[in-house]
Amino acid sequence: MEKREMLYEGKAKRVYATDRSDQLLVSYKDDATAFNGLKKGQIAGKGAINNRMTNFLMKKLEQQGIPTHLVEEVSDTDTLVKRVTIVPLEVIVRNIAAGSLSKRLGLPEGTPMGHTVLEYCYKDDALGDPMVNEYHIAAMGWASEEEMRLIADYALRINDFLRSYLKDLGVDLIDFKLEFGRLMDGTIVLADEISPDTCRFWDSKTGEKLDKDRFRRDLGGVEDAYREMMKRLMGA
Ligand code: UDP
């Protein structure tokens with residue numbers, strides 16, 4: 001595989017073309033942003049942790065029958081993925097109230113809910129990723145109703161698997177964000193990442209936050225939290 005020109009630079013990753021027309025190289029950065037880019041910083045070692053953790057979890061999800069964009073990890077920070085067109089939605093899965101839901105509904109963080117909640121946000125930084133519902137998604141043509149049924153089904157299955165897998169490692173999965181893409185033939189696959197940047201992980205015993213909230217809220221111990229999650233999942 002040959003790395004070619006950079007196609008896109010996002011907040012946490014760069015994406016490169018390769019000599020394979022249907023595959024891209026994703027390169028994870030240590031750069032961290034929060035509040036729609038307003039807060040900027042670096043988290044030492046984050047690129048490697050997020051890359052390796054994402055691939056580890058995507059492999060597990062593939063074994064559970066969830067198709068993903070993963071092809072192969074090529075280095076600590078770089079991964080070859082299938083080229084997809086991203087469905088322009090952030091799919092948010094919530095088990096326990098936290099973050100923007102807590103604010104919006106006036107629920108203290110940590111409040112249990114009757115069941116898992118799915119939310120969708122339209123991916124548009126200029127608009128601040130506004131929350132939308134299935135009617136908006138269908139009306140704007142961002143995804144078909146059939147695709148949304150599949151995406152919701154995958155999101156809930158991913159949640160069931162991750163929640164119980166993490167529980168055994170002493171971690172509560174509070175909420176997380178997924179992105180899906182379409183392969184050339186239209187197949188919907190899980191894309192983007194699953195990492196402490198995109199999930200809320202709380203230690204089951206102490207309630208300690210082991211995710212990007214440590215950066216967002218200046219709690220300190222950011223690098224240690226990322227390393228701790230890596231250790232629990234992959235042993236190193
Ligand atoms: N999330 C994300 N990217 C975003 C927004 C949210 O990865 O642009 C994740 C976030 O890490 C959390 C979940 O989605 O695990 C729910 O986030 P929330 O809506 O509470 O927003 P936040 O409080 O992070 O602004």
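The values are calculated or read from the model by the stated rules, or taken from the named source; none is laboratory data. A quick note: this is a predicted structure, and the numbers were derived from the prediction, not measured. In this analysis, Cβ positions are derived from the backbone assuming ideal geometry, glycine residues included, and neighbour counts consider all displayed protein chains. What goes into the accessible areas is simple: the full protein's heavy atoms, side chains included, and nothing from ligands, DNA or RNA. Shrake-Rupley method; radii C 1.70, N 1.55, O 1.52, S 1.80 Å.
Can you give me the number of residues within segment 101-117 that are open to solvent by 50 Å² or more (accessible area, probe 1.4 Å) and within 13 Å of the ligand (Cβ to nearest atom)?
Looking only at that region, the number is 5.
Just give me the residues in segment 218-228 being surrounded by fewer than 21 Cβ atoms within 10 Å (Cβ to Cβ) and in contact with a strand residue (DSSP E or B) (Cβ under 8 Å, 6 or more places away or on another chain), in sequence order. Quick ask: steps written out before the conclusion?
Step one: list which residues in segment 218-228 are surrounded by fewer than 21 Cβ atoms within 10 Å (Cβ to Cβ), which gives 218-221, 223-224, 227-228.
Once the filter is applied, which keeps residues that are surrounded by fewer than 21 Cβ atoms within 10 Å (Cβ to Cβ) and in contact with a strand residue (DSSP E or B) (Cβ under 8 Å, 6 or more places away or on another chain), segment 218-228 yields only 219.
Just one of (1) crowded, with 17+ Cβ neighbours inside 10 Å; (2) of a type outside the set (Lys, Arg); (3) in contact (Cβ under 8 Å) with a residue 24 or more places away in the chain trips up residue 17, so point out which.
Unmet for residue 17, out of (1) crowded, with 17+ Cβ neighbours inside 10 Å; (2) of a type outside the set (Lys, Arg); (3) in contact (Cβ under 8 Å) with a residue 24 or more places away in the chain: (3).
Can you name the condition, by its number, that residue 51 falls short on among (1) assigned to a strand (DSSP E or B); (2) closer than 23 Å to residue 183 by Cα?
Checking residue 51 against (1) assigned to a strand (DSSP E or B); (2) closer than 23 Å to residue 183 by Cα, the one that fails is (1).
Cβ-Cβ under 6 Å, sequence separation 6+ or interchain: first residue in segment 56-78 and within 11 Å of residue 190 (Cα to Cα), partner assigned to a strand (DSSP E or B) and open to solvent by 60 Å² or more (accessible area, probe 1.4 Å). Which pairs?
Pairs that qualify, where the first residue is within 11 Å of residue 190 (Cα to Cα) and the partner is assigned to a strand (DSSP E or B) and open to solvent by 60 Å² or more (accessible area, probe 1.4 Å), are 69/82.
Conditions first: (1) among the β-branched types (Val, Ile, Thr); (2) crowded, with 17+ Cβ neighbours inside 10 Å; (3) farther than 28 Å from residue 37 by Cβ. Residue 187 passes all but one, so which condition is the exception?
Unmet for residue 187, out of (1) among the β-branched types (Val, Ile, Thr); (2) crowded, with 17+ Cβ neighbours inside 10 Å; (3) farther than 28 Å from residue 37 by Cβ: (2).
Name the one entry in 174, 158, 86, 137 that is out of contact with any helix residue (DSSP H, G or I) (no Cβ under 9 Å at 6 or more places or on another chain) and touching a residue at least 24 places away in the same chain (Cβ under 8 Å). Break it down stepwise before answering.
Working: 174 fails: out of contact with any helix residue (DSSP H, G or I) (no Cβ under 9 Å at 6 or more places or on another chain); 158 fails: out of contact with any helix residue (DSSP H, G or I) (no Cβ under 9 Å at 6 or more places or on another chain); 137 fails: out of contact with any helix residue (DSSP H, G or I) (no Cβ under 9 Å at 6 or more places or on another chain).
So the residue among 174, 158, 86, 137 that is out of contact with any helix residue (DSSP H, G or I) (no Cβ under 9 Å at 6 or more places or on another chain) and touching a residue at least 24 places away in the same chain (Cβ under 8 Å) is 86.
Take segment 31-48 and flag every residue that is away from the ligand (no atom under 15 Å from the Cβ), open to solvent by less than 50 Å² (accessible area, probe 1.4 Å) and touching a helix residue (DSSP H, G or I) at 6+ places or on another chain (Cβ under 8 Å).
Just the residues of segment 31-48 that are away from the ligand (no atom under 15 Å from the Cβ), to begin with: 41-42, 44-45, 47-48.
Right, trim to open to solvent by less than 50 Å² (accessible area, probe 1.4 Å) and you get 41, 45, 47-48.
Hits for segment 31-48 are 41, 45.
The rows are residues; the columns are (1) closer than 30 Å to residue 84 by Cα; (2) acidic (Asp, Glu); (3) in contact with a His (Cβ under 8 Å, 6 or more places away or on another chain).
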residue: 197; (1), (2), (3): yes, yes, no
residue: 201; (1), (2), (3): yes, no, no
residue: 209; (1), (2), (3): no, no, no
residue: 224; (1), (2), (3): no, yes, no
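Take the conditions within 16 Å of the ligand (Cβ to nearest atom), surrounded by 14 or more Cβ atoms within 10 Å (Cβ to Cβ) and not small (Gly, Ala, Ser) and apply them to residue 163. Does it pass? Walk me through it before giving the result.
Numbers: within 16 Å of the ligand (Cβ to nearest atom): yes; surrounded by 14 or more Cβ atoms within 10 Å (Cβ to Cβ): yes; not small (Gly, Ala, Ser): yes.
Here the answer is yes, as residue 163 does meet what is asked.
With the condition being in contact with an Asp or Glu (Cβ under 6 Å, 6 or more places away or on another chain) and closer than 28 Å to residue 206 by Cβ, I'd like the helices (runs of 4 or more DSSP H) fully within segment 68-186 carrying at least 1 qualifying residues. Explain how you work it out, then say what you get.
Numbers: elements: 99-105, 134-140, 145-167.
Of the helices (runs of 4 or more DSSP H) lying wholly inside segment 68-186, those with at least 1 residues that are in contact with an Asp or Glu (Cβ under 6 Å, 6 or more places away or on another chain) and closer than 28 Å to residue 206 by Cβ span 99-105.
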